[in-house]
Amino acid sequence: MGQTILNGHLPYTKLWDNKPPIAFASHAFWIMFFGKSIVGIRFAGTAHVTVTSFCSYLIGEKVWNRWTGVIAGVFSVILISILPDGQATMTEVIVSTPLMLALCILTSNQNITRSHFFIVGSLLAIAAMIRLNLAYVSLILGCFIFAFLLKEKTPLRDIIINIIAYTLGHILIILATIIPYFLRGEGTEWWRSVVLAPLSYTSARASALQTLKGQIGNLAVIHNIYDSPYFLIGMLTWTTASLGITYALINWRKFRAPQRRAYIFTLVFYFSTALSIIKGGAAPEHYLIQIASFSSLLSAIFLGDLIDKKKIRIVILAVIVITILTTCNSLTSERYKILSGKILKNQQLLSGPSFEVADYIKQNRQPDELVYMMDNHIVYWLIDAEPLSKCSTHPSNITKSELFPYCANRSDATPESELRKILLQKPGFIVMVESYPWYVKKQDSALLLLKETLERDYRLAKNIENLQIYRIVR
């Protein structure tokens, strides 16, 4: 989707996926900056984690003390990295940056001006245009800012100006994503894809209660994997974050005014982001990345204050250091062992199923021959190809009927009809996981169509790990 912007197409007009436009624009920026490079994209993720974690450090150091800042920054890096998919450049990793920048502005400035509110509004609009669920954060924070200004006995005129500045920040960013569509006469495409499609998707997913249960289950499952690198740091961070909330309530009167304000803003971001995840209707583990830095900051407030107490400083520091060393060792030892082994054997560091599939297709593909990736769809990018339909840009979308009015422009489309439209193009290669993709197996008629087509028109050409490459029979 990012590449198609650089090819001259607006998001949703050539290819389609169920995310807001700045999510794709951010990838387009990094591809433009680094070129077509997986390393460049991964570096982009590293840059986002660096900025996010440095904001955590600044908040902790400026509002509380140096120890709080260091713990917040270090925990933020580690917690984001070890959550499932945290080392990939996920939208959750990207969106953490504008969220933490906004919190940093609100907590690190003694006098918050209308300019600050405008910038915060712009940052939260950027966040919502990367992950639409975060619109809840914008709304809840806006209400809180109004209440905060009232409590501070701000003159009514200044309250109105500040709220207008906050709102204008949102409006200008949203307009910046809309105007290109209107200039090309495709304004309805933005509305359908950015607003209507996510609403349709969310309404068809799990309820808020089911999503909450799912995320609690995710934490429980991950914490029960005792040899997982997530276990120790996860237990320490989430547990001490909860203790941090309790600790602050008990010691509220001891906090200075800037600390109280920073603490309340942190809680507003933490709980409103958590609510936005719950209201999203799905419970993948990597969604938790969105609250990782807030959790790290709350944890650091508690641990940083304990470290200030000289009698237990050594014990707390020892617990933190041992936890970090154990976590990092578990996380990196196996990966660096694999990488060092490849270096010693003179093998490429960029390797794996997707690269091998891409190499095989490049070697055997005829000019203009089509490719259908039912999994590992990064291969399209590696071989300079495109998905065979808008709905199959993300492969599993061909079975999400609630999205068909927007990606297929047909409300009567079915998973079988979308799959048939692709197969009628006679792709030279079809690549899938063994035993058929999970999303097709849930659709009996689509699965039957796929089986019949493969048996009649294709042969299994190669197995690469768990991927099967089918070649059309000419």
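The values are calculated or read from the model by the stated rules, or taken from the named source; none is laboratory data. Source: prediction; values computed, not measured. When we count neighbours, we look across all protein chains shown, and the Cβ atoms used for this are built from the backbone with ideal geometry, even at glycine. Accessible surface is based on the protein model in full, side chains and every heavy atom, while ligands, DNA and RNA are left aside. Shrake-Rupley method; radii C 1.70, N 1.55, O 1.52, S 1.80 Å.
Inside region 392-411, residues that are more than 22 Å from the chain's Cα centre (by Cα) and open to solvent by 40 Å² or more (accessible area, probe 1.4 Å) make up a count of 4. Test residue 179 against the stated conditions and say whether it is open to solvent by 80 Å² or more (accessible area, probe 1.4 Å) and over 21 Å from residue 107 (Cα atoms). Against the criterion (open to solvent by 80 Å² or more (accessible area, probe 1.4 Å) and over 21 Å from residue 107 (Cα atoms)), residue 179 qualifies. The condition of being under 19 Å from the mean Cα position of the chain (by Cα), of a type in the set (A, V, I, L, M, F, W, C) and at pLDDT 95 or above holds for residue 99. If you go through region 273-293 and pick out every residue that is without any contact (Cβ under 8 Å) to a residue 60 or more places away in the chain and surrounded by 24 or more Cβ atoms within 10 Å (Cβ to Cβ), you end up with 1. Does residue 340 satisfy the condition of being among the small types (Gly, Ala, Ser), under 23 Å from the mean Cα position of the chain (by Cα) and modelled with pLDDT under 95? No, not satisfied. Only one of the numbered conditions (1) open to solvent by less than 60 Å² (accessible area, probe 1.4 Å); (2) farther than 26 Å from residue 390 by Cα is violated by residue 202, and that is (2).
Taking region 5-40 as the range and being open to solvent by less than 30 Å² (accessible area, probe 1.4 Å), of a type in the set (A, V, I, L, M, F, W, C), touching a residue at least 40 places away in the same chain (Cβ under 8 Å) and part of a helix (DSSP H, G or I) as the test, only 23 passes.
Number of residues in region 114-134 that are in a loop (DSSP other than H, G, I, E, B) and β-branched (Val, Ile, Thr): the value is 1.
Name every residue in region 145-160 that is at pLDDT below 90 and open to solvent by 40 Å² or more (accessible area, probe 1.4 Å), in order of residue number. If the condition is that a residue be at pLDDT below 90 and open to solvent by 40 Å² or more (accessible area, probe 1.4 Å), then 151, 152, 153 are the ones that fit.
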